[in-house]
Amino acid sequence: MRRDLGIDLGTANTLVYVRGKGIVINEPSVVAINADTGEVLKVGMEAKMMLGKTPASIIALRPLRDGVIADYDVALSMLKYFIGKTKPAMSFLKPRVVIGVPIGITDVERRAILEAGLEAGASRVFLIEEPMASAIGIDLDVEEPNGNMIVDIGGGTTEVAVISLGSIVVWDSIRIAGDEMDEAIVQYVRETYRIAIGERTGEKIKIDIGNVFQNQEYDALETVVTGIDLSTGLPRRTILKGAEIREALMIPIAAIIDSIKSTLERTPPELATDIVERGIVATGGGSLLRGIDKLIERETGIKVVRAEDPMSCVAKGAGKVLDKVEILKKLQQVD
Ligand code: ADP
Ligand code: MG
């Protein structure tokens, strides 16, 4: 049987869904390369462990940093590596591949991804908008005349989309998501405690105690962080509390809320009524942030449903669409 793939080439994580098997790869979108020769040394989890810890001869980088291919050659190596990993020993058939892409990307950026897919060994490459893929991934019937709102908070981008009758009707995409939250925390610790920490530590603090909705449980969260004291240059520890991290996250979170509100304002009334009835679906790793559902509910007055397994909806949907001929034939594609 032909090995067809659905790929979520995310800014933070890449997932590969093999038709008939499910998700077989889930690794960070990070590549470590030799700074002198450009040779790829490690891809995925092993490369992420190197972020911020590399000697001068090695660079660990995220080729999709802002939601699009920032470094074509490196992104291509990564895609080749992940597609190659799914290849059965005795297979000569090239796979058909569906790749999820952010809604806001340009034609040039779309071309780059289509070509990278072909070069990485696909027989045919399809592009699907990520919110559409997420909706299919969680089994929403996207072909019916009903409005569904998807909010996908990833690493590099937040995408808000209203889907009806198999198309995206209104949408917004901003380059503010998980990475900016990590940076806001790094910034806060630097300014408040005069301690320098790296982005990976910022992310860890966010996951450990990050929250965006005030309650006693979240206020009581705390974690110990170690960084470099900016005046002495020596390591120093401090305790961080849930309430202060909530403060630190306010700016990126406000941008995400604004994006949701502005999309709702542009939504035709009939579809808005559907969304009020069905709720807003939150996906992407950022939807796991404590209290984000409650905050969106308070700010919009609409109930929020967090997708089950929010970090794998795009890959699942990209894989499932291979069985949906009606949708598949509408997608931009090359072979
Ligand atoms: P992308 O599609 O851009 O690859 P993902 O949907 O995989 O992004 O989400 C990655 C983002 O989700 C990262 O910024 C990561 O820090 C964040 N994230 C993962 N788990 C959590 C959590 N429990 N709380 C808050 N943020 C999280
Ligand atoms: Mg994503």
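The values are calculated or read from the model by the stated rules, or taken from the named source; none is laboratory data. Predicted, not measured: the structure shown is a model, and the values here were computed from it. Glycine gets a Cβ as well: all are built from the backbone with ideal geometry, and neighbour counts include every protein chain shown.
Annotations for the structure displayed:
- Of all residues in the stretch 147-163, none satisfies being free of Cβ contacts under 8 Å to residues at least 24 places away in the same chain, touching a Pro at 6+ places or on another chain (Cβ under 6 Å) and either of a type outside the set (S, T, N, Q) or surrounded by fewer than 23 Cβ atoms within 10 Å (Cβ to Cβ) (or both).
- Screening the stretch 16-36 for residues that are within 12 Å of ligand 1 (Cβ to nearest atom) and either part of a strand (DSSP E or B) or without any contact (Cβ under 8 Å) to a residue 12 or more places away in the chain (or both) and picking the one that is surrounded by the fewest Cβ atoms within 10 Å (Cβ to Cβ) gives N26.
- Test: V169 is surrounded by fewer than 24 Cβ atoms within 10 Å (Cβ to Cβ), in contact with a Gly (Cβ under 8 Å, 6 or more places away or on another chain), over 30 Å from D4 (Cα atoms) and not assigned by TED's automatic domain parsing to the domain that holds P102: no
- Test result for V334, within 16 Å of ligand 2 (Cβ to nearest atom), more than 18 Å from the chain's Cα centre (by Cα) and touching a residue at least 12 places away in the same chain (Cβ under 8 Å): no
- Test: residue in the stretch 82-99 that is more than 16 Å from ligand 1 (Cβ to nearest atom), part of a helix (DSSP H, G or I) and aliphatic (A, V, I, L, M): yes
- You will find that of R96, R111, the residue that is more than 13 Å from ligand 2 (Cβ to nearest atom), without any contact (Cβ under 8 Å) to a residue 12 or more places away in the chain and assigned by TED's automatic domain parsing to the domain that holds G20 is R111 and no other.
- Taken over the stretch 38-72, residues that are free of Cβ contacts under 8 Å to residues at least 24 places away in the same chain and either within 15 Å of the chain's Cα centre (by Cα) or part of a loop (DSSP other than H, G, I, E, B) (or both) amount to 10.
- K320 being closer than 23 Å to V101 by Cα and under 23 Å from the mean Cα position of the chain (by Cα): yes
- Selection over the stretch 181-194 of residues that are surrounded by fewer than 20 Cβ atoms within 10 Å (Cβ to Cβ) and either free of Cβ contacts under 8 Å to residues at least 60 places away in the same chain or within 11 Å of ligand 1 (Cβ to nearest atom) (or both) gives a count of 6.
- Qualifying residue in the stretch 125-142 (condition: under 19 Å from V334 (Cβ atoms) and either part of a loop (DSSP other than H, G, I, E, B) or more than 16 Å from ligand 2 (Cβ to nearest atom) (or both)): yes
- Any hit, the stretch 4-15, residues being at negative phi, touching a strand residue (DSSP E or B) at 6+ places or on another chain (Cβ under 7 Å) and more than 16 Å from ligand 1 (Cβ to nearest atom): yes
- The one condition from (1) among the aromatic types (F, W, Y); (2) buried (at least 22 other Cβ atoms within 10 Å of the Cβ); (3) more than 20 Å from the chain's Cα centre (by Cα) that F92 does not meet is (2).
- Check on I105, outside any strand (DSSP E or B), in contact (Cβ under 8 Å) with a residue 60 or more places away in the chain and under 24 Å from G154 (Cα atoms): no
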